[in-house]
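Novice: Before I ask anything, here is the structure I am working with.
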Amino acid sequence: MLLIHPFMEIIGFAALVCSASYAVLALVAVVAWQMRAATPKPLGLRPVTVLKPLCAAEPGLYESLRSFCRQNHPEYQVVFGVRDLTDPALAVVDRLIAEFPLLPIDVVVNPQQHGSNCKVSNLINMSVRARHDVLAISDSDTFVGCDYLASVTAPLLDHKVGLVTCLYVSVPTRGIWSRLSSMCANEWYMPSILLARLFGYRGHVSGKTLCLRRDTLTAIGGLRAIANHLAESDRLGELIRGFGQRIVLSPYALNVQHNEPDFDSLTRHELRRMRAIRVVRPLSFPFLFITFSLPLAAVGIAFGAAQPLHWTTEWALFQTTVIARLALHFVNRLLGDKPPVREFWLLPARDLLTCWAWCRSFFSTRLSDLYDQV
């Protein structure tokens, strides 16, 4: 028993150091990204085809799709694709066609499957209708401003750039479960991406926006090269980097709507996300616990209390973690149009839920549940 207490204190101190370090660095990464210099207005933009794979009519679909029909871009086309003629998303598309009669809008209805990834199969079916050599692939739940296309396609004027992607801000629908889901994206997932970038990683690719030239896509084998991959956007990035071209993270931030009607839906999607990360990043996934700053700090302070020889230091580390985590919450909230303290009380539940999903994912990995059904 005499050896157990020192061992527990070592574990506790290490947990506190990790939690405090990560919380502070994540905050620095987010603040640094928000303070980045504005990009100049692009000139000489090329025509663009926007590919929008659809599946069902989720809340806010009309507003999201409409934002892509109101772009300040000299020439662009929008292609919508579904796999079923009875898909309710088609009613929304029909409404947009009537509202924007001068905008080239094409609709593809094709159930043909080209691989295990349904979303990529949908995109392959849609791509035959693409008229332009610059392609912008975007999910159905994204909402953008009128300058979106100009901003995200401008880096492709440099032929050393093979792919442009974006970060996003999660916007919840009404209800506590949607708010918890959005907090995960805004205060855990996005900061982890920016922290990796702060340390020099430039390979992040988000499926919310994928902009590339047709010649680049052809050179890597087309969309069929990623039709059997779970994380199709990550695989696309790997192929483009292997081709010798760069990936650019656009400063443009998308708005993505998150809708979780109940607790079961929330936990199912959280677990699905963690399973996907585990499959795609099997080596680094076990170390993901470092990113759960508040639960890790709580474990650290509890273990440290077993033999409080360095209690002052341990308490200071715990306080640092809490303050940095709160600051990260406020920094993200102040970017939006809602009061920054509205979700303050959800922080412990949010971080514990992320930790639970990570632990639970080690005991179940059903690959059939992970592929996108778009």
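Novice: Give all pairs with beta carbons closer than 7 Å in which a residue from the range 244-269 that is among the acidic types (Asp, Glu) meets a residue that is open to solvent by 60 Å² or more (accessible area, probe 1.4 Å); count only pairs at least 6 apart in sequence or on separate chains.
Specialist: Note: pairs meeting the criteria are GLU260/TRP177; GLU260/HIS269; ASP262/TRP177.
Novice: A further question on this structure: Taking into account only those residues within the range 77-97 that are outside any helix (DSSP H, G or I), of a type outside the set (Asp, Glu) and at pLDDT below 95, which is surrounded by the fewest Cβ atoms within 10 Å (Cβ to Cβ)?
Specialist: The selected residue is THR86.
Novice: Further question: So is ILE247 within 30 Å of LEU317 (Cα to Cα) and hydrophobic (A, V, I, L, M, F, W, C) or not?
Specialist: Spelling it out, it is not the case that ILE247 is within 30 Å of LEU317 (Cα to Cα) and hydrophobic (A, V, I, L, M, F, W, C).
Novice: Quick test for you: out of PRO286, PRO261, pick the one residue that is part of a loop (DSSP other than H, G, I, E, B) and of a type outside the set (Asp, Glu).
Specialist: After applying the criteria, what remains is PRO261.
Novice: What do you reckon, is LEU43 of a type outside the set (Val, Ile, Thr), farther than 25 Å from LEU317 by Cα and either modelled with pLDDT of 95 or more or open to solvent by 40 Å² or more (accessible area, probe 1.4 Å) (or both)?
Specialist: yes
Novice: Can I ask one more? From the residues in the range 215-246 that are more than 23 Å from ARG278 (Cβ to Cβ), out of contact with any Phe, Trp or Tyr (no Cβ under 8 Å at 6 or more places or on another chain) and outside any helix (DSSP H, G or I), which one is most open to solvent (accessible area, probe 1.4 Å)?
Specialist: So the residue we want is ARG246.
Novice: When the residues of the range 294-307 are filtered to those that are of a type in the set (Gly, Ala, Ser) and surrounded by fewer than 18 Cβ atoms within 10 Å (Cβ to Cβ), which remaining residue is nearest to GLY203 (Cα to Cα)?
Specialist: Top of the filtered list is ALA302.
Novice: From the set of residues in the range 116-133 that are open to solvent by less than 20 Å² (accessible area, probe 1.4 Å) and in a loop (DSSP other than H, G, I, E, B), which is nearest to LEU236 (Cα to Cα)?
Specialist: The extreme case among them is ASN117.
Novice: Can you tell me which residues in the range 270-288 are open to solvent by 50 Å² or more (accessible area, probe 1.4 Å) and among the aliphatic types (A, V, I, L, M)?
Specialist: The answer is VAL279, LEU283.
Novice: Now for a different question. For the condition closer than 18 Å to LEU61 by Cα, touching a residue at least 24 places away in the same chain (Cβ under 8 Å) and among the small types (Gly, Ala, Ser), what is the one hit in ALA154, ALA91, ALA150, ALA98?
Specialist: ALA91
Novice: In the range 38-61, is there at least one residue being more than 30 Å from PHE289 (Cα to Cα) and part of a helix (DSSP H, G or I)?
Specialist: Checking the range 38-61: at least one residue is more than 30 Å from PHE289 (Cα to Cα) and part of a helix (DSSP H, G or I).
Novice: Something else: Picking from THR291, THR267, THR321, which residue would you name as being open to solvent by less than 70 Å² (accessible area, probe 1.4 Å), within 26 Å of GLU238 (Cα to Cα) and modelled with pLDDT of 85 or more?
Specialist: THR291
Novice: Based on what the data block shows, is ALA23 modelled with pLDDT of 80 or more, more than 22 Å from the chain's Cα centre (by Cα) and surrounded by 14 or more Cβ atoms within 10 Å (Cβ to Cβ)?
Specialist: Answer is no for this residue.
Novice: Same structure, new question: Would you be able to tell me the number of residues in the range 247-264 that are of a type in the set (Gly, Ala, Ser) and open to solvent by 60 Å² or more (accessible area, probe 1.4 Å)?
Specialist: 0
Novice: Are any residues in the range 197-214 assigned to a helix (DSSP H, G or I) and modelled with pLDDT of 90 or more, and if so, which ones?
Specialist: ARG214
The values are calculated or read from the model by the stated rules, or taken from the named source; none is laboratory data. Treat the numbers as computed from the prediction; the structure is a model and nothing was measured. Please note: Cβ atoms are built from the backbone with ideal geometry, for glycine as well, and neighbour counts cover all protein chains shown. Quick note on the areas: whole protein, heavy atoms, side chains included, nothing else; ligands and nucleic acids left out. Shrake-Rupley method; radii C 1.70, N 1.55, O 1.52, S 1.80 Å.
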